[in-house]
2 protein chains.
Amino acid sequence: MASVTQPVSRRERLRLATIDEIKQTARDQLDEHGAAGVSLRAVARAMGLTPSALYRYFTSRDELIAALAADGFASLADTLEEAFDLAPRDNHARRWLEVTRAYRRWSHEHVTEYMLIFGTLGLGYTPPASQPCDGTERSVAVLFRCMAEAIDAGLIDPSRFAAELTPALRAELEEWRADTRNTIPPEGLAACLIVWTQLHGFLSLELFGHLPPAIRDVGALFDQQMLDVLLRCGYQGPVDFVPGRQEHGRPE
Amino acid sequence: MASVTQPVSRRERLRLATIDEIKQTARDQLDEHGAAGVSLRAVARAMGLTPSALYRYFTSRDELIAALAADGFASLADTLEEAFDLAPRDNHARRWLEVTRAYRRWSHEHVTEYMLIFGTLGLGYTPPASQPCDGTERSVAVLFRCMAEAIDAGLIDPSRFAAELTPALRAELEEWRADTRNTIPPEGLAACLIVWTQLHGFLSLELFGHLPPAIRDVGALFDQQMLDVLLRCGYQGPVDFVPGRQEHGRPE
DNA sequence: CGTTCTAGAGAACAGTGTTCGCGTACACCG
DNA sequence: CGGTGTACGCGAACACTGTTCTCTAGAACG
């Protein structure tokens, strides 16, 4: 959270402060009027500045919004890491549920930022190459750590995926493993991708309003899917369904 | 595709023609510059019209874009229904694969429209209530029909979901079944929601560039996940993995 | 034929992102 | 401490945008 050292002069510190103020003001507008409603002029107005003054800190509006998205992803990663550390280490299903619930909670508390990250960015066009903005990798890393430790503990046996993977796909998963320097076998990575897909798919449908309106207890459905996907990945430890009350029904 | 009858006067026909021309011009801009890059003035310019003239046909820019989204959804529904009808009726896994592949193909051929539908709509803010714009229901209906027929054929036994559903959740699923007038039991609807989540989650991650770059053969991963989710829902019929070449690796 | 109404033009307003040139006050260095 | 450079902010300007008026030519209808 806090910066590591203070290698900055007073000048630099003020500069970083104004950058933060700009981003915070923009975030407020983001929450109020959505991604398209973030206006440089409005930000400047709220700060008592001239529009052109903002160009000392961001070269364009798109860069500002990209910075917001990067910050959002980092915030999500922080939340996930915290949830991971707080969750019980011995109950892998429970920890998985806690982490994914934290994910969902974050997405509800930062709807616009979530849409900024996972929806079209509100920018002119979508950035084709996913810049691995650090937050991305950290976030998925937490999810994958849940899987990896469950595998290591012998509670998940992803060997059933072996038959489903083509040789080429297996090779690419191996390559990916080498890139990210983790120790999960290709079958485990396939499992990781499945749970990550399921998690993201659910929240995406929920936040964009595509879940059936009859479902009011969305949290219960979420828990069901998150625990079910774990079971379907070969998890063999104890699972307590209907665990604890869910705080969030529907957003708003 | 074609209109049912011709209850329109000549005047009305011309009007519909210009509406179509406006939408097509806007679609071109959508593909080129993204959702945020659709400009009423540019559309008017391309058509040799005055900006204000467009307001005879759409009350605002947002309404134009909403119309584009609705059309997109309808187009997706058409594609899915066609794929469903063309697929073999006896091999449910195969049909499921064909339908989901058609879904993916459509999303690749209509990236911007997909993002318009499932990402933030490029509008000022996201419409909180998902207006059931007909295309939505038709699209998911096709997916659910795949499941329903597999259940009816005795090839899917979703009873294992029974233990995962809370009583409240089960009641809401019953309610939803009554709303949509289908015959799928609550456990089957839970299965439907899982496959729908998995499918949408995958495409959303892929299109927004969040899949690991090492995966080049995205189509193979897609097939694997789509068949796997079917198995995880209790499908017990024959499944042939590595079925046929996939035409699409990565978009672009 | 006369009336009605519609498609479109054209101007105007408020707002936007972005660029450029000009001061000025502050941080740094000799 | 005094001079100097530079980062900062201002203000005007340009080229856009969505949207709303008023007004007119012309087609459709009775």
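Restricting the range A:184-230 to residues that are modelled with pLDDT of 95 or more and aromatic (Phe, Trp, Tyr), the residue that is farthest from B:Glu174 (Cα to Cα) is A:Trp196. Being within 11 Å of DNA strand D (Cβ to nearest atom) and surrounded by 13 or more Cβ atoms within 10 Å (Cβ to Cβ): is that true of A:Ala44 here? For A:Ala44, the condition - within 11 Å of DNA strand D (Cβ to nearest atom) and surrounded by 13 or more Cβ atoms within 10 Å (Cβ to Cβ) - is met. Among residues belonging to the range B:169-194 that are under 16 Å from B:Asp152 (Cα atoms) and aliphatic (A, V, I, L, M), point out the one that is farthest from the chain's Cα centre (by Cα). Only one residue fits best here, namely B:Ile184. Within the range A:147-163, the set of residues being within 18 Å of A:Gln198 (Cα to Cα) and surrounded by fewer than 21 Cβ atoms within 10 Å (Cβ to Cβ) comprises just one member, A:Ala148.
How do the helices (runs of 4 or more DSSP H) wholly within the range A:1-118 filter down when requiring 2 or more residues that are more than 16 Å from DNA strand C (Cβ to nearest atom) and more than 14 Å from every other protein chain (Cβ to nearest Cβ): which remain?
It comes to A:10-33, A:61-86, A:92-109.
If you filter the range A:191-220 down to residues that are crowded, with 21+ Cβ neighbours inside 10 Å, touching a residue at least 12 places away in the same chain (Cβ under 8 Å) and at the interface with chain B (Cβ under 7 Å from one of its Cβ atoms), you find that the one that is farthest from A:Ala93 (Cα to Cα) is A:Phe208. Scanning the range A:84-110 for residues that are hydrophobic (A, V, I, L, M, F, W, C) and surrounded by fewer than 20 Cβ atoms within 10 Å (Cβ to Cβ) gives A:Leu86, A:Ala87.
When the residues of the range B:233-251 are filtered to those that are modelled with pLDDT under 90 and either at the interface with chain A (Cβ under 7 Å from one of its Cβ atoms) or crowded, with 21+ Cβ neighbours inside 10 Å (or both), the one that is nearest to A:Phe161 (Cα to Cα) is B:Phe241. Against the conditions (1) crowded, with 19+ Cβ neighbours inside 10 Å; (2) within 7 Å of chain B (Cβ to nearest Cβ); (3) over 24 Å from the mean Cα position of the chain (by Cα), where does A:Thr166 fall short? Just the number, please. If we test A:Thr166 against (1) crowded, with 19+ Cβ neighbours inside 10 Å; (2) within 7 Å of chain B (Cβ to nearest Cβ); (3) over 24 Å from the mean Cα position of the chain (by Cα), just (1) comes out false. Of all the residues in the range A:175-190, those that are at negative phi and more than 9 Å from every other protein chain (Cβ to nearest Cβ) number 7.
Of all residues in the range A:196-232, those satisfying the criterion of being over 13 Å from the mean Cα position of the chain (by Cα), in a helix (DSSP H, G or I) and among the β-branched types (Val, Ile, Thr) are A:Val218, A:Val229.
The values are calculated or read from the model by the stated rules, or taken from the named source; none is laboratory data. Predicted model, so just to flag it, every value in this text is computed and none were measured. All Cβ positions, even for glycine, are placed from backbone atoms using ideal geometry, and neighbour counts span all protein chains on display.
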